[in-house]
């Protein structure tokens with residue numbers, strides 16, 4: 001990872017209380033991952049051990065150690081979407097995704113009354129049925 005951009009991300013959060021998560025989110029967004037070198041640089045800047053930073057990185061599924069070039073479709077599997085039938089849609093979505101699409105489960109996209117829900121990039125899709133979800137996955 002390029003030191004300059006990483007240094008700028010870290011510097012943008014300098015002195016901020018609880019800076020680790022915002023830094024990690026910014027690094028993940030900028031590079032598509034948080035590798036060992038970034039963990040070490042962040043740890044050094046925040047006076048933490050690399051193990052402490054890695055523990056946070058490995059705990060949250062949003063952070064990945066290597067970039068994934070595949071398109072990502074996030075499917076809400078929280079209780080409200082489960083109550084609205086998302087689990088019945090999963091097999092068809094997984095089949096449509098195959099190895100080409102990174103189909104990820106997330107918990108709550110904030111549209112609980114309109115589920116099942118999915119997100120592709122910054123766009124949210126609600127009230128999904130099997131056909132619409134498969135169409136979204138295939139078009140991702």
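The values are calculated or read from the model by the stated rules, or taken from the named source; none is laboratory data. Values in this document were obtained by computation on a predicted structure and should not be read as measured data. So basically every Cβ, Gly included, is an ideal-geometry build from the backbone, and we count neighbours across all protein chains shown.
Of the residues making up the stretch 1-58, just one is in a loop (DSSP other than H, G, I, E, B), closer than 25 Å to residue 69 by Cβ and over 20 Å from the mean Cα position of the chain (by Cα), namely 2. Return the residues of the stretch 115-138 that are at pLDDT below 95 and surrounded by fewer than 17 Cβ atoms within 10 Å (Cβ to Cβ); say none if nothing qualifies. Once the filter is applied, which keeps residues that are at pLDDT below 95 and surrounded by fewer than 17 Cβ atoms within 10 Å (Cβ to Cβ), the stretch 115-138 yields 121, 122. Pairs meeting the criteria (first residue in the stretch 82-98 and closer than 22 Å to residue 114 by Cβ, second residue modelled with pLDDT of 95 or more and part of a loop (DSSP other than H, G, I, E, B), beta carbons under 7 Å, at least 6 apart or on different chains) are 84/116; 85/116; 86/77; 86/116; 89/116; 89/128. Please tell me if residue 109 is touching a strand residue (DSSP E or B) at 6+ places or on another chain (Cβ under 6 Å), surrounded by 13 or more Cβ atoms within 10 Å (Cβ to Cβ) and not in a helix (DSSP H, G or I). When the stated conditions are applied, residue 109 passes them. Scanning the stretch 69-79 turns up at least one residue that is assigned to a strand (DSSP E or B), touching a helix residue (DSSP H, G or I) at 6+ places or on another chain (Cβ under 7 Å) and touching a residue at least 60 places away in the same chain (Cβ under 8 Å).
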